[in-house]
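Each reported figure results from applying straightforward, stated rules to the coordinates on display, with no laboratory input. Just so we're clear, the structure is a prediction, and the values are computed from it rather than from any experiment. Quick reminder, even Gly has a Cβ in these numbers, built from the backbone with ideal geometry, and neighbours come from all protein chains shown.
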Amino acid sequence: MIAAIPRGTVSTYGAVARAAGLPGRARLTGFALRISPPAMHLPWHRVVGAGGRIAFPASSPQFREQVRRLRSDGVPVKEGRVSSSVMADLDAF
C-alpha cells in the first residue's frame, strides 16, 4: 500500500493499515516501514501521522529528511504538517 501512494500526495499510518485490511493497526504500519529492507525503496516519506503531522521529533535528522523529500515531491510542509488537500484516498487503490 505504501508503494501505491502517488508522488505529490501523502497518507496516514492509519489509512495505510486500513487499506491493507488491518484497521486500527497504525503502529503496525510504522513497524513495517522500520523493518523493511532498503532495497524495497518504499516511499516512507509519504506516510505521516494523524492530521498530516510528521511523526518524527522536529529536531531529528529523520524529520528534516522527510520534509526535504516531501518538498521534493511537491508537497508543501508548514510547521511539521501537510495540508489535508494532499492526502491520498487509499481506498481507491
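Answer yes or no as to whether ALA88 is under 12 Å from the mean Cα position of the chain (by Cα) and over 15 Å from THR29 (Cα atoms). When the stated conditions are applied, ALA88 passes them. For the range 23-78, the candidate set comprises residues that are among the polar types (S, T, N, Q) and without any contact (Cβ under 8 Å) to a residue 12 or more places away in the chain; within that set, the residue that is nearest to ASP91 (Cα to Cα) is SER36. Say whether the condition of being part of a helix (DSSP H, G or I), under 21 Å from VAL86 (Cα atoms) and of a type in the set (Val, Ile, Thr) is met by at least one residue in the range 27-41. The answer is yes, given that some residue of the range 27-41 is part of a helix (DSSP H, G or I), under 21 Å from VAL86 (Cα atoms) and of a type in the set (Val, Ile, Thr).
Within the range 5-26, the set of residues being assigned to a helix (DSSP H, G or I) and over 22 Å from VAL67 (Cβ atoms) comprises ALA17, ARG18, ALA19. Residues considered: ARG64, ARG53. Of these, the only one that is closer than 19 Å to ARG34 by Cβ, within 11 Å of the chain's Cα centre (by Cα) and not β-branched (Val, Ile, Thr) is ARG53. Check the range 71-84 and report whether any residue there is under 10 Å from the mean Cα position of the chain (by Cα) and either buried (at least 17 other Cβ atoms within 10 Å of the Cβ) or on the phi > 0 side of the Ramachandran plot (or both). Checked the range 71-84: no residue is under 10 Å from the mean Cα position of the chain (by Cα) and either buried (at least 17 other Cβ atoms within 10 Å of the Cβ) or on the phi > 0 side of the Ramachandran plot (or both).
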